[in-house]
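Q: Take a look at the following structure, please.
The values are calculated or read from the model by the stated rules, or taken from the named source; none is laboratory data. This is a predicted model, so every value here is computed, not measured. Heads up, the Cβs are rebuilt from the backbone with ideal geometry, glycines too, and the neighbour counts pull from every protein chain shown.
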Amino acid sequence: MLKFFVAMILFFLPLTACAQSENFFIVGDHGKLSATLQTPDNQKKYPLVILCHGFTGNKESPILTALANDLEARGIASIRFDFNGHGKSDGDFQEMTILNEISDAKQVYDYAKKMPLVTNILIAGHSQGGVVASMLAGELGAEKIKAVVLLAPASVLRDDALRGNLFGVKYDPLNPPEFVEIFGGHKVGRNYILTAQSLPIYETAEKFTGPALMIHGTADLTVPYNCSLTYKKFYKRGTIVLLDKVDHGFHGEENRTAKIAAEFLARQVK
């Protein structure tokens, strides 16, 4: 009976600085966003990093979970979440666009901003999530986002949309179809294409004046590392790390990549 009451007390205890992980939902652009908050032990306050996954991915991608774990070990919290139409979040993938993903990320930022234990907010994103992170940081500015990490940021998506090429599937860029079906049966909607064609990626990103780090593999066949080199031209405080023979998903190099990113982020909040 005593064990039962102890268990019930622990079940109803509120989240504290000693908690390590909590799954919850945040209201996003197209319904509820499935999110995971990961916090460091025994800290009254902590900085927090918003983690954005890539196209067709989810919050449990190896590179994001590796980064969340490394950040936690350094006393930094994180929120990783599924964009609308991805993972366990609400929404239809076919209705997803970069702009409504930016809206999702903004909702996560607003949630994090209200957390009483959070001191600073930073952001990191992989692939398309890197584009979202860069544009949100540009919109909010360095007074709200402390630093940015872009992991193989897929800024090539605008050029691909203008050429009418989506992961090797060709279409008429002047008259896109209702949807383009790609790998895994994913249907990319017409609005995604039209939005991508006029997306001011670098123009928005360059408004961010804080420190930014791009990490990119030289063996990335999905997004050429020139995208990260271009980002660096627009960032006044941008640095870049190129990883030799590493692919787009950082497969086999997740821990090394996470360490580089986490060390950079930790330096910004000291």
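Q: Is it the case that residue 73 is among the small types (Gly, Ala, Ser), buried (at least 16 other Cβ atoms within 10 Å of the Cβ) and either modelled with pLDDT of 95 or more or closer than 24 Å to residue 261 by Cα (or both)?
A: The answer is no for residue 73.
Q: Moving on to the next point. Under 8 Å by Cβ, and 6 or more places apart or on different chains, what pairs join a residue from region 150-165 that is under 16 Å from residue 125 (Cβ atoms) with one that is among the charged types (D, E, K, R)?
A: From residues that are under 16 Å from residue 125 (Cβ atoms), the pairs are 152/220.
Q: Using the structure shown, decide if residue 199 is touching a residue at least 24 places away in the same chain (Cβ under 8 Å), in contact with a Phe, Trp or Tyr (Cβ under 8 Å, 6 or more places away or on another chain) and hydrophobic (A, V, I, L, M, F, W, C).
A: no
Q: Within region 48-72, track down each residue that is touching a residue at least 40 places away in the same chain (Cβ under 8 Å), out of contact with any His (no Cβ under 8 Å at 6 or more places or on another chain) and of a type in the set (Gly, Ala, Ser).
A: 66
Q: Yes or no: residue 63 crowded, with 24+ Cβ neighbours inside 10 Å, more than 15 Å from residue 107 (Cβ to Cβ) and either within 13 Å of the chain's Cα centre (by Cα) or not hydrophobic (A, V, I, L, M, F, W, C) (or both)?
A: When the stated conditions are applied, residue 63 passes them.
Q: Can you tell me which residues in region 162-213 are among the aromatic types (Phe, Trp, Tyr), touching a strand residue (DSSP E or B) at 6+ places or on another chain (Cβ under 7 Å) and under 17 Å from residue 228 (Cα atoms)?
A: Scanning region 162-213 gives a single hit, 208.
Q: Please tell me if residue 132 is in contact with a strand residue (DSSP E or B) (Cβ under 9 Å, 6 or more places away or on another chain), hydrophobic (A, V, I, L, M, F, W, C), under 23 Å from residue 27 (Cβ atoms) and at pLDDT 95 or above.
A: yes
Q: Looking at 41, 82, 90, 70, can you tell me which residue is under 13 Å from residue 108 (Cβ atoms) and either touching a helix residue (DSSP H, G or I) at 6+ places or on another chain (Cβ under 7 Å) or not β-branched (Val, Ile, Thr) (or both)?
A: 82
Q: For the structure I just gave you, tell me whether residue 216 is farther than 22 Å from residue 139 by Cβ, part of a strand (DSSP E or B) and of a type outside the set (Asp, Glu).
A: It is true that residue 216 is farther than 22 Å from residue 139 by Cβ, part of a strand (DSSP E or B) and of a type outside the set (Asp, Glu).
Q: Which condition breaks for residue 242 when tested against (1) touching a Phe, Trp or Tyr at 6+ places or on another chain (Cβ under 8 Å); (2) part of a loop (DSSP other than H, G, I, E, B); (3) surrounded by fewer than 17 Cβ atoms within 10 Å (Cβ to Cβ)?
A: (2)
Q: Still on this structure, I have one more. With respect to residue 257, is the statement that it is among the polar types (S, T, N, Q), part of a helix (DSSP H, G or I) and surrounded by fewer than 20 Cβ atoms within 10 Å (Cβ to Cβ) true?
A: In short, no.
Q: If the requirement is being touching an Asp or Glu at 6+ places or on another chain (Cβ under 6 Å) and of a type in the set (Val, Ile, Thr), which of these qualifies: 132, 108, 156?
A: On inspection, the qualifying residue turns out to be 132.
Q: When only residues in region 48-83 that are part of a helix (DSSP H, G or I) and of a type in the set (A, V, I, L, M) count, which is nearest to residue 223 (Cα to Cα)?
A: My answer is 63.
Q: Going by the structure shown, is residue 188 under 20 Å from residue 56 (Cα atoms), in contact with a Leu (Cβ under 9 Å, 6 or more places away or on another chain) and among the aliphatic types (A, V, I, L, M)?
A: Here the answer is yes, as residue 188 does meet what is asked.
Q: Is it true that residue 150 is modelled with pLDDT of 95 or more, in contact with a helix residue (DSSP H, G or I) (Cβ under 6 Å, 6 or more places away or on another chain), farther than 24 Å from residue 190 by Cβ and not β-branched (Val, Ile, Thr)?
A: yes
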